[in-house]
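Here's the structure we're looking at; comments come further down.
Here, each number is a calculation from the coordinates, and none is a lab measurement. Worth saying up front: this structure is predicted, and the values here are computed from it rather than measured. All Cβ positions, glycine included, derive from the backbone under ideal geometry; neighbour counts span all protein chains shown.
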Amino acid sequence: MPRDYYEVLSVPRDADEATIKKSFRRLARELHPDVNAHDPQAEEKFKEAAEAYEVLSDTERRQTYDAYGHEGLKGGGYQPNFQDFGSISDLFSAFFGSGGFDTAFGGTRMRGGAVQGGDVALAVQISLQDAARGAEVEVTYDATALCETCHGNGAEPGTPIVTCDKCRGAGQIQAVQRTRFGQMVRTALCDKCGGDGKIAEQPCHTCDGRGMVARERRVKVDIPAGIADGQRMRITGRGHAGERGGPPGDLYVVVRVREDERFLRDREDLITVVDVAAPLAALGTTIQVPTLDGEVPLEVPAGTQPGETIVMAGRGMPPVGRGRTGDLKVVVNVVIPRRLSKKQKDLMEKLAESMTEDNLRENEGMIAKLKRALAG
């Protein structure tokens, strides 16, 4: 069962003609494949919107639909059919004129005009230390560049560039087609000259007339200190070469930060876990803690409990841009000794016998204890 036309266009049932037209144009912009390439159903959704607009923008059809619904339209002989169109571009041309989507929404598409080159995306891996300090990495990739033999015009040096015999220099070809909407003129770029209106009489032997060749490129990328895993950097003008004098595309570098088994990262903070034997935690001790600058000593206060966190200020990751450097949070894992010798057992037994309630008393209440235990 087709969806309600008013629901498709997201307009109330009493919407006027201007509101219906505005809503349809908004949907057309959203559903055009050029801006909605991620949605494979965009073309079908546009056809649904076009059908709704065709009915609601026609006074007689709208009255019939309001009174009898979809069945009433069928009974009256209306049957939408968009299969006569070769592509969605033809559909846009039918509704918005020969300029299609660009003309409808204020853009321009000039025959033979400059075309910006495509973008290139790649990923690089760095260590957590490089992410903390910043690094310079060299990336290698393939991208199109202007052919040095023909300088991008596609013609063998010394040979002429002639008018395309298929479109006769127009860069476009048109075909008249009869559809249910009446006589439609389909306009498309010439597939022989690519819209230039001219072709090389003798194609360049280096690029086979394409005007472009693939080349390996090497680019040094400055990675800022504090960058996070998955962040993307844009290097302008390092993508594929543009056509007909157009600017080159951009290079996008996705930075992947390798995991460091010593640390967990929480934005600018780092978290590490250190083991401390129970007797040492009870007495207090000094331990060596890993940091991004190597191991440093850390004092563990007497009576430190399992799961307690000691914060080392400024030992974390730097921010990208403004802000403060993060902290290193050291989680103390109090380890109960195992495989005790006879002498150690005797000492532990004497210690156990000497324990009193005062040794176990804490300054925190039951709720605080539960919270700390659950957090660990």
Say R0 is 45 Å: what FRET efficiency, to the nearest 0.05, do Leu347 and Asp293 get from their beta-carbon distance?
0.70
Interchain or sequence-distant (5+) residues whose placed amide H lies within less than 5 Å of the amide H of Asp196 are none
What nm value, rounded to one decimal, do you get for the distance between Glu259 and Ala278 when each label is placed 7 Å out toward the C-beta?
3.1
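Please work out whether region 239-316 counts as rounded, prolate or oblate from its C-alpha gyration tensor, where a ≥ b ≥ c are the square roots of the eigenvalues and a/c under 1.5 means rounded, while otherwise a/b larger than b/c means prolate and anything else oblate? Could you put the intermediate results ahead of the total?
Numbers: a/c = 5.01, a/b = 4.75, b/c = 1.05.
Cα axes put region 239-316 in the prolate bin.
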With a Förster radius of 45 Å, plug the Cβ-Cβ distance of Thr159 and Val219 into 1/(1 + (r/R0)^6) and report the FRET value to the nearest 0.05.
0.80
Explain nothing, just compute: Karplus ³J(HN,Hα) = 6.51 cos²θ - 1.76 cosθ + 1.60, θ = phi - 60°, for every residue of region 215-221 in order, whole Hz, x for Gly and Pro.
9, 7, 10, 10, 9, 8, 10
Measuring from label point to label point, each 7 Å out along Cα→Cβ, what is the Met233 to Val137 span in nm?
0.8
Taking the beta-carbon count within 10 Å as an exposure proxy, list Phe46, Phe263 from fewest neighbours to most.
Phe263, Phe46
What residues qualify as long-range amide H neighbours of Gly118, i.e. H under 5 Å apart, gap of 5 or more or another chain, H built at 1.01 Å from N?
His240, Gly249
What distance in nm lies between label points placed 7 Å from Cα along the C-beta direction at Lys166 and Leu122?
3.4
Across all Cα atoms of region 242-282, Rg and the largest Cα-Cα distance (Dmax), in Å, are 23.3, 77
Could you list which residues have their amide H under 5 Å from that of Val335, counting only those 5 or more apart in sequence or on another chain, with H placed in the peptide plane?
Val276, Ala277, Ala278
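Gain in length, Gln63 to Arg338, computed as 0.36 nm per residue apart minus the alpha-carbon separation, to one decimal in nm?
Fully extending the segment from Gln63 to Arg338 adds 90.3 nm.
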When Asp275, Asp119, Asp327, Asp14 are ranked with the fewest other C-beta atoms within 10 Å first, the list becomes Asp14, Asp275, Asp119, Asp327
If you take every residue apart from Val213 with its C-beta less than 14 Å away from the C-beta of Val213, what net charge results, scoring Lys and Arg +1 and Asp and Glu -1?
-2
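To make sure I understand, if each residue's beta carbon is the centre and we count other beta carbons within 10 Å, what order do Leu351, Leu251 fall in, fewest to most? Spell out each step's value before the answer.
On the way: Leu351 12, Leu251 23.
Lowest count first: Leu351, Leu251.
Quick check: residue separation of Met355 and Asp191 times 0.36 nm, minus the Cα distance between them. What number comes out in nm?
Taking Met355 through Asp191 to full extension adds about 49.8 nm, to one decimal.
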Karplus-derived 3J(HN,Hα) from phi for region 194-203 (6.51 cos²θ - 1.76 cosθ + 1.60, θ = phi - 60°), whole Hz, x at Gly and Pro, runs x, x, 6, x, 9, 9, 6, 5, 10, x
